[in-house]
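First up is the structure itself, then whatever we jot down about it.
The values are calculated or read from the model by the stated rules, or taken from the named source; none is laboratory data. Since the structure is predicted, the reported quantities are computational estimates derived from the model, not experimental observations. All Cβ positions, even for glycine, are placed from backbone atoms using ideal geometry, and neighbour counts span all protein chains on display.
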Amino acid sequence: MPHYIRYRSDSAVSYGILDGDTVREIHGDLFHSPAETGVTHRLSDVKLLHPCQPGKIMAVGLNYRSHLGSRPQPAHPEMFYKAVSALQDPGAPIVMPRDATDLHYEGELVIVMGKPAKNVSVEQARDAIFGVTCGNDVSERNWQHGPGKDLQWWRAKGCDTFAPLGPAIATGIDYSNLQLQTRLNGEVVQKQSTADLIFDCPAIVAWVSGWVTLMPGDIIYTGTPGATRKLSPGDVVEVEIESIGVLRNPVMAS
């Protein structure tokens with residue numbers, strides 16, 4: 001099934017189907033019967049962008065038992081928002097904001113919505129999901145729950161570049177049991193199957209839709225496994241998910 005990307009070629013931004021090292025250009029709405037134009041590019045000749053333009057970004061906290069520690073398992077998906085302006089492209093830098101002291105990676109599977117969802121059942125939610133991609137829910141732990149904790153996670157989760165996404169949206173795959181792996185400077189620091197999610201993708205969408213209408217293109221980061229580590233300028237973070245691809249981002253000081 002197709003893997004969709006968004007890319008820049010010369011000055012134009014387009015969607016395309018990734019076919020090995022070839023990009024097949026498409027036109028029209030990505031979520032409503034996109035059609036191929038017949039134009040192709042070499043992947044090496046285009047600049048990959050985050051693969052969709054969501055109206056909103058939501059995320060789940062505490063969704064792997066390996067990430068809970070001593071905290072109790074939540075009774076339902078614990079949701080929060082990330083700013084749309086936090087989106088970052090594959091290969092582009094995660095920029096440490098001023099005064100950040102404890103920046104962490106969080107490798108995650110990300111849901112991409114394909115249909116509107118309001119008060120949907122789990123089965124209806126499954127049908128409303130367009131595909132999945134890789135994401136990094138970059139987090140500043142001091143602003144999240146340290147001595148410098150804010151009332152809300154607007155900085156901790158929402159600073160510019162704190163939502164790397166991509167490289168492609170995988171469609172038509174079984175995303176219920178994919179191997180997720182995060183690497184820091186080549187070292188594997190997170191490794192777990194999406195089968196271990198406490199709340200799987202359709203359950204998350206169904207829960208959210210009871211209060212917030214999800215629209216095509218909206219995305220949901222589904223949670224990170226295990227422990228995370230502090231990032232420093234010069235580091236490189238890679239989030240790889242089976243059957244999707246590798247999201248790679250360097251870290252740089254502001």
Among the residues of region 178-192, count how many are surrounded by fewer than 17 Cβ atoms within 10 Å (Cβ to Cβ) and in contact with an Asp or Glu (Cβ under 9 Å, 6 or more places away or on another chain). 3
Those residues that are not in a strand (DSSP E or B) and not hydroxyl-bearing (Ser, Thr, Tyr), I need them from region 1-18; list them, please. Met1, Pro2, Asp10
What pairs come up if the first residue lies in region 58-82 and is without any contact (Cβ under 8 Å) to a residue 12 or more places away in the chain, the second is surrounded by 14 or more Cβ atoms within 10 Å (Cβ to Cβ), and their beta carbons are under 6 Å apart, counting only those six or more places apart or on different chains? Leu68/Leu62
Long-range neighbours under 7 Å by Cβ, at least six apart or interchain, first residue over 16 Å from Val251 (Cα atoms) within region 157-168, second modelled with pLDDT under 95 and of a type outside the set (Ser, Thr, Tyr): none
Checking Asp45 against (1) modelled with pLDDT of 95 or more; (2) in contact with a Pro (Cβ under 6 Å, 6 or more places away or on another chain), which test does it fail? (2)
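If only one of Ser14, Ser33 is at pLDDT 95 or above, closer than 30 Å to Ala117 by Cβ and of a type in the set (S, T, N, Q), which one is it? So that I can check it myself, show each step before the final result.
Working: Ser33 fails: at pLDDT 95 or above.
It is Ser14.
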Do any strands (runs of 3 or more DSSP E) entirely within region 173-254 hold 1 or more residues that are of a type in the set (Phe, Trp, Tyr), and if so, which? 219-221
Hits in region 163-172 (condition: assigned to a strand (DSSP E or B) and among the β-branched types (Val, Ile, Thr)): Ile169
Across region 152-177, what is the total count of residues that are surrounded by 19 or more Cβ atoms within 10 Å (Cβ to Cβ), among the hydrophobic types (A, V, I, L, M, F, W, C) and farther than 21 Å from Gln88 by Cα? 0
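Quick check on my filter: what residues within region 14-57 are of a type in the set (A, V, I, L, M, F, W, C) and exposed (fewer than 13 other Cβ atoms within 10 Å of the Cβ)? So that I can check it myself, show each step before the final result.
Filtering region 14-57 down to residues of a type in the set (A, V, I, L, M, F, W, C) leaves 17-18, 23, 26, 30-31, 35, 39, 43, 46, 48-49, 52, 57.
If the condition is that a residue be of a type in the set (A, V, I, L, M, F, W, C) and exposed (fewer than 13 other Cβ atoms within 10 Å of the Cβ), then Ala35 is the only one that fits.
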Go through region 156-189 and count every residue that is over 15 Å from the mean Cα position of the chain (by Cα) and among the acidic types (Asp, Glu). 2
